[in-house]
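Asks: Quick one: structure below, then a few questions.
The values are calculated or read from the model by the stated rules, or taken from the named source; none is laboratory data. Note that the structure is a prediction, hence the values are computed from the model and not measured. No Cβ is skipped: glycine too gets one built from the backbone with ideal geometry, and neighbour counts run over all protein chains shown. In case anyone asks, the SASA skips ligands and DNA or RNA and just uses the protein heavy atoms, side chains included. Shrake-Rupley method; radii C 1.70, N 1.55, O 1.52, S 1.80 Å.
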Amino acid sequence: MSEVPILEVNDLSMVFGGLRAVDSVSLKINKGEIVALIGPNGAGKTTFFNCVTGVYVPTHGEIKINPPEGKTAILNGLKPNTINEKGLARTFQNIRLFSSMTVLENVMIGRHQCLKSGILSSILRTPKQRKEELKVLEDSYRILEKIGLEEYANDLACNLPYGGQRRLEIARAMATDPFLLLLDEPAAGMNPQETNDLVVLIQRLRKEDNISILLIEHDMSLVMTLSERIYVVDYGKMIAMGSPLEIKNNSQVIKAYLGEDIDA
Ligand SMILES: Nc1ncnc2c1ncn2[C@@H]1O[C@H](COP(=O)(O)OP(=O)(O)OP(=O)(O)O)[C@@H](O)[C@H]1O
Ligand SMILES: [Mg+2]
C-alpha cells in the first residue's frame, strides 16, 4: 500500500479578476519529506502558500491533511489560525515580526497561539496561569536554543541581523509545534554563510522534530541540496515535478528559467 501523504492538494486554482495566479495545481507531501516549490517571479508560489494556509479561499480545488497524529481534515475555508492549530506553520516572504518586541517575546507569542488558554488568561495572572506562563517562557527559550538565537533572546527583534530575523521567523513558526513547515524564501537576503547555516538548520528540524517541509526558494543551490522532490510552476501552472537531477535536466524548466542560472 502506498504511503498516505500528510498534505494533499488537488487541482487548486486561485483567480484574481482575470488572472489565474494558480491554475489547477496538485501537490503531495509525504511524512518527513523536504519538498521545494520553485518557479520564476510571479509564477504563483506565494499565492499557493496563501491558499494552503487560509490567507485566501481558493477559487477551486481541495486542500487535505492527514496529520501524523490527528484526524484527516479538509482545510478549504478555514481561518489561518485554525490551520495553524491543525499543525501547519509558515514563514513569510516579507518578514513579519513584532519588531519592537524582544526575540524571546516573538517566540512566546507563537507559543501562546498553540495553547488553549491564549494570551488573555495570562494577563489575568492566577497561579495556574503564572505556571503556564513560565512554561511558555521555558519552551520558547528552548526553541531559541534549537534555532541558535538564544544569545539574542532579550534583544529587540529589529536589532537582529537580517539572517537572524529570518531564523526568528522559523523559530516563531516552530513554536506552534507544526507537523508541516512552509517556508517562503527563507534564504532571501542571506549571505552565503547564513544560507549554509540555514541548510543545516532545516535538515536538523526535519530529523529532530519529525516535521515535513515545503519550501519556496530562488537559491537553486539550496533547493538542489535540500529537496527530495521539486515542483516547478510557471504562470500558475505546474510544469514539472521530480528529483533535483530530473528538474535540472527538464527542458521545459530550462525554458521557463531562460536567462537564469539553475545549474547550481
Ligand atoms: N491579492 C492579489 N490580488 C491580485 N493579484 C495578485 C494578488 N496576489 C498575487 N497576485 C498576482 O498573482 C501572481 C502570482 O503572484 P505570487 O506572489 O504568488 O508569485 P510568486 O511566485 O510568489 O513570485 P515571487 O517569486 O516574485 O515571490 C502575480 O501576477 C501577482 O501579481
Ligand atoms: Mg512569492
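Asks: Using a simple spin-label model with points 7 Å from Cα along the Cα→Cβ vector, what separation in nm is obtained for Asn191 and Ile254?
Replies: Calculated label separation equals 3.6 nm.
Asks: Another one. How much length, in nm to one decimal, is gained on full extension between Val55 and Lys207, taken as 0.36 nm per residue of separation minus their Cα-Cα distance?
Replies: On the way: separation 152, 0.36 × 152 = 54.72 nm, distance 2.88 nm.
Extra length available between Val55 and Lys207 comes to 51.8 nm.
Asks: Please compute the Cα-Cα pair-distance distribution of segment 121-249 with 10 Å bins starting at 0, giving whole percents from short to long.
Replies: Values per bin, smallest distances first: 11, 36, 31, 14, 7, 2, 0.
Asks: Please report the equivalent ellipsoid semi-axes of segment 20-61, computed as sqrt(5 x eigenvalue) of the Cα gyration tensor, largest first, in whole Å.
Replies: Values: eigenvalues 64, 38, 19 Å².
After scaling each eigenvalue by five and taking roots: 18, 14, 10 Å.
Asks: Which FRET efficiency, nearest 0.05, do Tyr235 and Gln93 yield, Cβ-Cβ r, R0 22 Å?
Replies: On the way: r = 19 Å, r/R0 = 0.85.
After rounding to 0.05, the efficiency reads 0.75.
Asks: Starting from the Cα of Leu156, step 7 Å along the direction of its Cβ; do the same at Asn41; then give the gap between the two resulting points in nm.
Replies: The modelled label-to-label distance comes out at 3.1 nm.
Asks: Straight-line reach only, C-alpha to C-alpha below 17 angstrom: list the lysines that Lys135 could link to, leaving out same-chain residues fewer than 8 apart.
Replies: Lys116, Lys146
Asks: I would also like to ask the following. Let's see if you can work this out: charge +1 on each Lys and Arg Cβ, -1 on each Asp and Glu Cβ, no other charges. What is the dipole magnitude of the chain about its Cα centre, in debye to the nearest 20?
Replies: Details: 29 positive and 33 negative charges, 186 e Å.
Dipole about the Cα centre, nearest 20: 900 debye.
Asks: OK, next. Taking springs between alpha-carbon atoms closer than 10 angstrom, which of Leu222, Leu19, Leu137 fluctuates most in the Gaussian network model of the chain?
Replies: Leu19
Asks: Then there's this: Given a 1.4 angstrom probe, I'd like the percentage of the accessible area of the chain that is carbon and sulfur, rounded to a whole number.
Replies: Numbers: 6650 of 12950 Å².
C and S atoms contribute 51 percent here.
Asks: Right, something else. Out of Gly77, Gly17, Gly110, any idea which swings most in a Gaussian network model of the chain, alpha carbons joined below 10 Å?
Replies: Ranking Gly77, Gly17, Gly110 by mean-square fluctuation puts Gly17 first.
Asks: Can you work out the accessible area per residue across segment 96-177, with the rest of the protein chains kept in place, probe 1.4 Å, in square angstrom?
Replies: Working: 4540 Å² over 82 residues.
It amounts to 55 Å² per residue over segment 96-177.
Asks: Given Cβ point charges of +1 (Lys, Arg) and -1 (Asp, Glu) and nothing else, what value in debye, to the nearest 20, does the dipole of segment 96-177 about its Cα centre take? Walk me through the intermediate numbers first.
Replies: On the way: 13 positive and 11 negative charges, 68 e Å.
About 320 debye.
Asks: Another one. Let me check against my output: what whole-number percent is the relative contact order of segment 96-177, with C-alpha pairs under 8 Å and at least 6 apart? Let's see the in-between values first.
Replies: Values: 93 pairs, mean separation 40.5, N = 82.
Taking the mean separation of contacting Cα pairs over the length of segment 96-177, I get 49 percent.
Asks: While we're looking at this one, here's another question. Can you work out the Karplus-derived ³J(HN,Hα) for every residue in segment 97-102? Use 6.51 cos²θ - 1.76 cosθ + 1.60 with θ = phi - 60°, whole Hz, and x for glycine or proline.
Replies: Using θ = phi - 60°, the values come out as 10, 7, 5, 9, 9, 6 Hz.
Asks: With just the Cα atoms of segment 96-177, tell me how far they stretch along each of the three principal axes, in Å, largest first.
Replies: That works out to 38, 22, 20 Å along the principal axes.
Asks: If Rh is defined by the Kirkwood formula over all Cα pairs and Rg also comes from Cα, what ratio Rg/Rh do you get for segment 1-159?
Replies: Values: Rg = 18.5 Å, Rh = 18.0 Å.
Over the Cα atoms of segment 1-159, Rg/Rh equals 1.03.
Asks: Let me ask something additional. Roughly how far apart, in whole Å, are the Cα centres of segment 140-160 and segment 202-240?
Replies: 25 Å
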